[in-house]
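The values are calculated or read from the model by the stated rules, or taken from the named source; none is laboratory data. Model, not experiment: these values are computed from the prediction. Methodologically, a virtual Cβ is constructed for each residue, glycine included, from the backbone with ideal geometry; neighbour enumeration extends over all protein chains shown. Protein only, heavy atoms only, side chains kept; ligands, DNA and RNA dropped before computing areas. Shrake-Rupley method; radii C 1.70, N 1.55, O 1.52, S 1.80 Å.
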Amino acid sequence: MVLIDFSGEEHIKMKTKALYAGSFDPITNGHINIIERASKMYDSLTVAVVVNPNKKCFFTVDERVEIARKVTEYMPNVEVDSFSGLLANYVNENDFSVVVRGLRATMDFENEIQMAQMNASLYINDTETVFLMTDPQYSYISSSMIKEVASLGGRIDGFIPDYAKQKIHEKLQSGGKYNE
Ligand code: COA
């Protein structure tokens, strides 16, 4: 896009590439809410599944990516990827100008500000962390809580896309264990 300033000079406006990273084990409606809103704010949004060796996940990385792809396919400027290692390295290698984070409650804030500040010191370019307030109806859910409720026979409708719900049930029925 070409922008013309007050003096008539033309500037090329770079497209804004945003990143939303997380474990997505699996993706929930709280995440979808953040993705829908962020995808309207930026030219493109990459949802990146993080391979975190410190977190025992229920779904494999490939499964988490497949679920996230399926449930976001209706958003044309959203793509799903995965990475391992430092988020800042992934940001630098892919020239993201914005990293989106969702804030559910004050309990998220301290951890998030610490991460954002540490990451900021590692970014090569002027990447900004942008926080979106999670819709109140999702402020108390997490992927772990949904898996726990499902594994104990509770209803998880409304908290998670139908496809992800189906995948949780299939995995539990085929012997998958949720035991965090
Ligand atoms: N709605 C519903 N649930 C939400 C949510 C929302 N809007 N936002 C977050 N959650 C849930 C997640 O499902 C997750 O649940 P779980 O713990 O039961 O799995 C929980 O809240 C925490 O989410 P988040 O803070 O996004 O953690 P995460 O593990 O999904 O992602 C990373 C954290 C991957 C972004 C971070 O660990 C990272 O950057 N890792 C890479 C290594 C690195 O760079 N480390 C240095 C950081 S300074």
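Worth pointing out:
- Pairs with Cβ under 7 Å, 6+ apart, first in segment 13-42 and closer than 19 Å to residue 87 by Cβ and without any contact (Cβ under 8 Å) to a residue 60 or more places away in the chain, second of a type in the set (Val, Ile, Thr) and open to solvent by less than 40 Å² (accessible area, probe 1.4 Å): 22/50; 35/47; 35/72; 35/78; 42/16; 42/98
- Every condition in (1) open to solvent by 40 Å² or more (accessible area, probe 1.4 Å); (2) under 26 Å from residue 73 (Cβ atoms) is met by residue 146 except one, and the failing one is (1).
- Among the residues of segment 58-72, those identified as in contact (Cβ under 8 Å) with a residue 24 or more places away in the chain and either open to solvent by less than 40 Å² (accessible area, probe 1.4 Å) or of a type in the set (Asp, Glu) (or both) are 58, 59, 63, 64, 67, 68, 71, 72.
- In segment 2-34, of all residues being in a loop (DSSP other than H, G, I, E, B) and either polar (S, T, N, Q) or within 16 Å of the ligand (Cβ to nearest atom) (or both), the one that is farthest from the chain's Cα centre (by Cα) corresponds to 7.
- Residue that is most open to solvent (accessible area, probe 1.4 Å), among those in segment 37-57 that are closer than 25 Å to residue 174 by Cβ and among the basic types (Lys, Arg): 56
- Residue list for segment 101-133, restricted to those being touching a residue at least 12 places away in the same chain (Cβ under 8 Å), open to solvent by less than 80 Å² (accessible area, probe 1.4 Å) and more than 9 Å from the ligand (Cβ to nearest atom): 105, 123, 127, 129, 130, 131
- Residues in segment 84-100 that are surrounded by 15 or more Cβ atoms within 10 Å (Cβ to Cβ) and touching a residue at least 60 places away in the same chain (Cβ under 8 Å): 87, 90, 91, 96, 97, 98, 99, 100.
- Across segment 151-160, the qualifying residues are those that are away from the ligand (no atom under 12 Å from the Cβ) and open to solvent by 20 Å² or more (accessible area, probe 1.4 Å), and the one among them that is nearest to residue 102 (Cα to Cα) is 158.
- Only residues that are exposed (fewer than 12 other Cβ atoms within 10 Å of the Cβ) and more than 17 Å from residue 32 (Cβ to Cβ) were counted across segment 161-179, and they come to 6.
- Residues that are in a helix (DSSP H, G or I) and either touching a residue at least 24 places away in the same chain (Cβ under 8 Å) or within 10 Å of the ligand (Cβ to nearest atom) (or both) within segment 138-150 comprise 138, 143, 144, 145, 146, 147, 148, 150, listed in sequence order.
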